[in-house]
Amino acid sequence: MDSLDHMLTDPLELGPCGDGHGTRIMEDCLLGGTRVSLPEDLLEDPEIFFDVVSLSTWQEVLSDSQREHLQQYLPHFPEDSIEQQNELILALFSGENFRFGNPLHIAQKLFRDTEPAESGFV
């Protein structure tokens, strides 16, 4: 995860919250071997999750090197691999069903419904 390390370790600027105390409830998660704290709202609110985990984030926020790093986890195809991976990314972010559901929708549901100790959270 070298090309993504800074995204996982740089502190987020936390502005004031609705409660007026300037604190947010964070959940510690293990992503690979890296422990990160993510806002609870990101994990539990589908609207926030899909605003962040979106095609526009993929296209406009991630750098080319970050996208290339993440693409290595996608299936490789014998012909037109890059083109087929791009189609797969579009299908993933558009909510298409992959046999047993959409992986992003399944992940968000697991984040929302699973207790921290059960889902890879610390």
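The values are calculated or read from the model by the stated rules, or taken from the named source; none is laboratory data. Since the structure is predicted, the reported quantities are computational estimates derived from the model, not experimental observations. A quick note on method: Cβ atoms are made from the backbone with ideal geometry, for glycine too, and the neighbour counts reach across all protein chains shown.
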For the range 28-78, what are the residues that are within 18 Å of LEU110 (Cβ to Cβ), surrounded by fewer than 14 Cβ atoms within 10 Å (Cβ to Cβ) and among the aliphatic types (A, V, I, L, M)?
LEU30, LEU31, VAL52
Restricting attention to the range 41-56, does a residue exist that is under 21 Å from ASN102 (Cβ atoms), in a helix (DSSP H, G or I), polar (S, T, N, Q) and at pLDDT 95 or above?
yes
